[in-house]
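**Student:** Mind looking over this structure? Questions follow.
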Amino acid sequence: MARTFFVGGNFKMNGSKDSIKKIVEDLNAADLPSDVEVVISPPALYILWAKELLTNPTIKVAAQNSFPKSSGAYTGEISAPEIKDAGAEWVILGHSERRTIIKETDEFIAEKTAHALENGLGVILCIGELLEERDGGQTLVVCNRQLDAVIDKVKDWSNIVIAYEPVWAIGTGLAATPEDAQATHLEIRKYLAEKLGEEQASKIRILYGGSVNGKNAKSFSACPDIDGYLVGGASLKPEFIDIIKSRE
Ligand code: PEP
C-alpha cells in the first residue's frame, strides 16, 4: 500500500510574526518534492498569518490543539470550526506535552479527535510512552491504550495520521534508532489491523517524532512502516527543508 509521505512541523509555543514570516518565506522559496505532504503548525495566534504568507498551496497548516465543542462559554479554548475558518486543515491532538503538562486524558483526547474529524479537520494523533514505561517494557501497552480510547469513538480513520513520539525522544536530541522505531510502528500497524481491519490499517500513515533533524531524517525514511515525521525543534530551522527532502 503506497502511503504519501508526510512531514509535519510543530512549532510549539515558539515564534513571532517575524520568525514565522521567515520560515514560511523559506518554505515558499524551496523546491520541495511533490510527493511529500507538508503541514506546519504555528501557535494558534499565527495560523492566519501563516496562511496569508504561504504561496505554495501544497503546504497545509495545523493547529496545535482544539476543544471538543464548536463554540460557547469555554474561555481560552479554540474550536475546530474556528480553526477551519482560519484556513487550517489539520490539528495536532494528544501531544505528550499536553498529556503530561496539561494532564489531558486519553478519553478527552479521543473526544477532541472525534469532534475535530466531525468538523472536517484532519487529525495528527500523537501517542507514545514515557521513559519509565519503555524501561518497564510497556511501550505497546501504552500506545495501544492511547489508541483504544480513540478507536472506541472513531471508526473511520481515513483523516487521522498517527505520530508515534516516544516521550523520552522529544526535544532531547536522543532519537529512537530507525530499527526500534520501525519495530514499534509495525506493532502499532498490526494492532490497528486487529481493531480496524487490514485495509484501513494499511492506509494509515504512522509518523515518527522525537529529535528528528536534518542529519538523521534519511535513516528513518527507508523503514517500511515509517510514513513521515512530526518534527518539533528542527521545524523552526532551515534544516526543516532538508528533512522534507530527506527521501531524495
Ligand atoms: C514534537 O514536539 O512533536 C517533537 C517531535 O519535538 P522534537 O522534534 O523537538 O523532538
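**Student:** Convex hull over the alpha-carbon atoms of the chain: what's its volume per residue in Å³?
**Tutor:** Spread over its residues, the Cα hull of the chain gives 116 Å³ apiece.
**Student:** Just want to confirm a number: the relative contact order over the range 5-244, from Cα pairs under 8 angstrom separated by 6+ residues, in percent.
**Tutor:** About 20 percent, as a whole number.
**Student:** Now, a different point. For the range 134-144, what does the Karplus curve 6.51 cos²θ - 1.76 cosθ + 1.60, with θ = phi - 60°, yield as ³J(HN,Hα) per residue in whole Hz, taken in order and with x for Gly and Pro?
**Tutor:** So the Karplus estimates, Gly and Pro as x, are 4, 4, x, x, 9, 3, 6, 4, 5, 4, 5 Hz.
**Student:** For a quick check of understanding: with a 1.4 angstrom probe and all protein chains in place, what accessible area in square angstrom does LYS153 have, to the nearest ten?
**Tutor:** Accessible surface of LYS153 is approximately 100 Å².
**Student:** For the range 83-92, what does the Karplus curve 6.51 cos²θ - 1.76 cosθ + 1.60, with θ = phi - 60°, yield as ³J(HN,Hα) per residue in whole Hz, taken in order and with x for Gly and Pro?
**Tutor:** 4, 5, 4, 7, x, 7, 10, 10, 9, 8
**Student:** Report D for the range 1-148 in µm² per second (integer): Stokes-Einstein, Kirkwood Rh on Cα pairs, 20 °C, 1.002 mPa s.
**Tutor:** Estimated via Stokes-Einstein, D reaches 130 µm²/s.
**Student:** Here is a further query. Protein chains only, probe 1.4 Å: how do SER202, SER66, SER71 rank by accessible area, largest first?
**Tutor:** Numbers: SER202 35, SER66 0, SER71 90 Å².
Largest to smallest exposure gives the sequence SER71, SER202, SER66.
**Student:** Under 23 Å Cα-Cα from LYS84, which lysines qualify once same-chain neighbours fewer than 8 residues away are excluded?
**Tutor:** LYS12, LYS17, LYS21, LYS51, LYS60, LYS69, LYS112, LYS153, LYS155
**Student:** Quick check: residue separation of LYS51 and LEU131 times 0.36 nm, minus the Cα distance between them. What number comes out in nm?
**Tutor:** 25.1 nm
**Student:** To the nearest 500 deg cm²/dmol, what mean residue ellipticity at 222 nm is calculated for the chain from DSSP H runs of n ≥ 4 alone, each contributing -39,500 (n - 2.57), summed and divided by the residues?
**Tutor:** Taking each H run of at least 4 residues, the total per residue is -11500 deg cm²/dmol.
**Student:** Any idea of the accessible area per residue across the range 5-244, 1.4 Å probe, to the nearest Å²?
**Tutor:** Result: 44 Å² per residue.
**Student:** Okay, moving on. Once you sort the root eigenvalues of the Cα gyration tensor of the range 53-120 as a ≥ b ≥ c, which label holds: rounded (a/c under 1.5), prolate (a/b larger than b/c) or oblate (the other case)?
**Tutor:** Prolate is the answer for the range 53-120, as a/c is 1.5 or above and a/b outweighs b/c.
**Student:** Taking H placed 1.01 Å from N in the peptide plane, check which residues at least 5 places from GLY228 or on another chain put their amide H under 5 Å from its amide H.
**Tutor:** Distant-sequence amide H within range of GLY228: PHE6, TYR208.
**Student:** Hey, another quick one. May I ask you to derive the FRET efficiency for GLU198 and VAL141 from their Cβ-Cβ distance with R0 = 22 Å, giving the value to the nearest 0.05? Write down the numbers at each step before the final one.
**Tutor:** Working: r = 23 Å, r/R0 = 1.03.
For GLU198 and VAL141, the calculated efficiency is 0.45.
**Student:** Roughly how many percent of the accessible protein surface of the range 5-244 is carbon and sulfur, given a 1.4 Å probe and a whole-percent answer?
**Tutor:** It is 53 percent, rounded to a whole number.
**Student:** Rolling a 1.4 angstrom probe over the protein chains, ignoring ligands and nucleic acids, what is the accessible area of LYS22 in square angstrom, nearest 10?
**Tutor:** Probe radius 1.4 Å; accessible area of LYS22 about 110 Å².
**Student:** Using amide H atoms built 1.01 Å from N in the peptide plane, name the residues 5+ places from ALA163, or on other chains, whose amide H lies under 5 Å from its own.
**Tutor:** Amide H neighbours of ALA163, under 5 Å, 5+ apart: LEU125, CYS126, ILE127, LEU207.
**Student:** Might you work out the accessible area of HIS95 for me, using a 1.4 Å probe with all protein chains in place, and round it to the nearest 10 Å²?
**Tutor:** Its accessible surface works out to 10 Å², give or take rounding.
**Student:** Distance between Cα centroids, the range 1-74 to the range 195-228: provide it in whole Å.
**Tutor:** Comparing the Cα centres of the range 1-74 and the range 195-228, I get a distance of 19 Å.
The values are calculated or read from the model by the stated rules, or taken from the named source; none is laboratory data. Worth saying up front: this structure is predicted, and the values here are computed from it rather than measured. Every residue, glycine among them, receives a Cβ derived from its backbone with ideal geometry; neighbour counts consider all protein chains shown. In case anyone asks, the SASA skips ligands and DNA or RNA and just uses the protein heavy atoms, side chains included. Shrake-Rupley method; radii C 1.70, N 1.55, O 1.52, S 1.80 Å.
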